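Asks: This is the structure, below, for whatever I ask next.
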Amino acid sequence: MASPTTIIPIASGKGGVGKTLLAANLAIALARAGHTTVAVDLDLGGSNLHTYLGIPNKHPGIGDFLKGKQLSFRSLALPTEIPHLSFVPGDGKTPFMANIPPEQRRLLIQEIMAIPARYVLLDLGAGSSFNTLNFFGITHRAMVVSTFETAAIMNFLTFLRNFMFRLLTSAFKKNPQVHDQLFNAFRQSGLGKPATVTSLLDMAARLDPGLADDTRQRLRSYRPRILFNMGENPEELQVCVSLHKSIQTHLGLDAEFFGFIRYDDTVRRAARSNGALLQEFPDCPAARCITALAARIIEHWDTGWSANPDSLRDDTRNSYRQ
């Protein structure tokens, strides 16, 4: 019996954290492990996943599909020179794709859900656009990439907050009074009275306890996986303990700290050569980390990783000793 398709959206709170390079090479690593894998460029308005896969930007992509150019979505998938790996280009040379309307977004999600592969990796745009937040929510397990820089950490926390607010907005539409109070809380937040997911759920519970309970259950089903890129040593992962507590307290989320990629000058060399890191430098430290991350995904993504925020640090320490 064939394994079900696992869709992994990959997001980041800001640009410059290595999300797209990671998505490309993680797709390569999963394919090398023998799994049919499709890498989809969903950074509409700024697609460049092809560059990190070493593929020229000359093929029709999602932009052409959405513009009605008589293409089926499946026809967009390009076989690559790497066995088991295909690639779906993004906007390519089609302009004005950054903000697609809801009906096109729903069509795109429907097509992505039907991709016949073991793993489907979605390289999302950086930041918190509605497109990105909706694509991130395709599944209950998605990846957020950050570095250890304060700005990057603050931005990934903001991304998760915006994602949760997006879920609340959708759920609270069932009760206009609760929905109106939600937007009033958003306005007050802009005036220096910050709203948290917990406080918004408490507000909803006073007006509609059943809706609040249903929404809490829905939110608890989401388990974002955090990956730190460009790390210099395992001790940086001590920050996971405070982050885990903050995410639980303010967002009501149980995030899992899933991966650590070492800082490696070789990554820049691969990017400048327009080649894939795992193809050009398969034994460099960053490539080995990505290969190990792929193995962890194969073993744990569908079943759950440790909820203990210290687990990633302990695991990374062990890898440094090897």
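Matching residues to (1) under 18 Å from the mean Cα position of the chain (by Cα); (2) without any contact (Cβ under 8 Å) to a residue 60 or more places away in the chain; (3) within 30 Å of Phe281 (Cβ to Cβ):
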| site | (1), (2), (3) |
| --- | --- |
| Ser12 | yes, no, yes |
| Leu30 | yes, no, yes |
| Ala33 | no, no, yes |
| Ala77 | no, yes, yes |
| Leu107 | no, yes, no |
| Ala114 | no, yes, no |
| Arg118 | yes, no, yes |
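Asks: Related question: Failed condition for Gly34, given (1) exposed (fewer than 15 other Cβ atoms within 10 Å of the Cβ); (2) more than 25 Å from Arg262 (Cα to Cα), with all others met?
Replies: Of (1) exposed (fewer than 15 other Cβ atoms within 10 Å of the Cβ); (2) more than 25 Å from Arg262 (Cα to Cα), only one is false for Gly34: (2).
Asks: Select, from Ser170, Ser189, Ser199, the only residue that is small (Gly, Ala, Ser) and either in contact (Cβ under 8 Å) with a residue 24 or more places away in the chain or closer than 21 Å to Pro9 by Cα (or both). So that I can check it myself, show each step before the final result.
Replies: Numbers: Ser189 fails: either in contact (Cβ under 8 Å) with a residue 24 or more places away in the chain or closer than 21 Å to Pro9 by Cα (or both); Ser199 fails: either in contact (Cβ under 8 Å) with a residue 24 or more places away in the chain or closer than 21 Å to Pro9 by Cα (or both).
After applying the criteria, what remains is Ser170.
Asks: In segment 228-260, which residues are under 24 Å from Ala295 (Cα atoms), touching a Leu at 6+ places or on another chain (Cβ under 7 Å) and among the aliphatic types (A, V, I, L, M)?
Replies: Scanning segment 228-260 gives a single hit, Leu237.
Asks: Taking Asn162, is it surrounded by 19 or more Cβ atoms within 10 Å (Cβ to Cβ) and either part of a helix (DSSP H, G or I) or not assigned by TED's automatic domain parsing to the domain that holds Trp305 (or both)?
Replies: In short, no.
Asks: To continue, here is another question. Please go through segment 257-291 and give me each residue that is modelled with pLDDT of 95 or more, outside any helix (DSSP H, G or I) and within 23 Å of the chain's Cα centre (by Cα), ordered by number.
Replies: Correct list: Phe257, Phe258, Gly259, Phe260, Ile261, Arg262, Tyr263, Asp264.
Asks: Test Thr215 against the stated conditions and say whether it is closer than 30 Å to Asn25 by Cβ, among the β-branched types (Val, Ile, Thr) and surrounded by 14 or more Cβ atoms within 10 Å (Cβ to Cβ). If you could, list the steps in order and put the result at the bottom.
Replies: Working: closer than 30 Å to Asn25 by Cβ: no; among the β-branched types (Val, Ile, Thr): yes; surrounded by 14 or more Cβ atoms within 10 Å (Cβ to Cβ): yes.
In short, no.
The values are calculated or read from the model by the stated rules, or taken from the named source; none is laboratory data. Bear in mind the structure is a predicted one, so any value in this text is a computation, not a measurement. Glycine also receives a Cβ, built like all others from the backbone with ideal geometry; neighbour counts cover every protein chain displayed.
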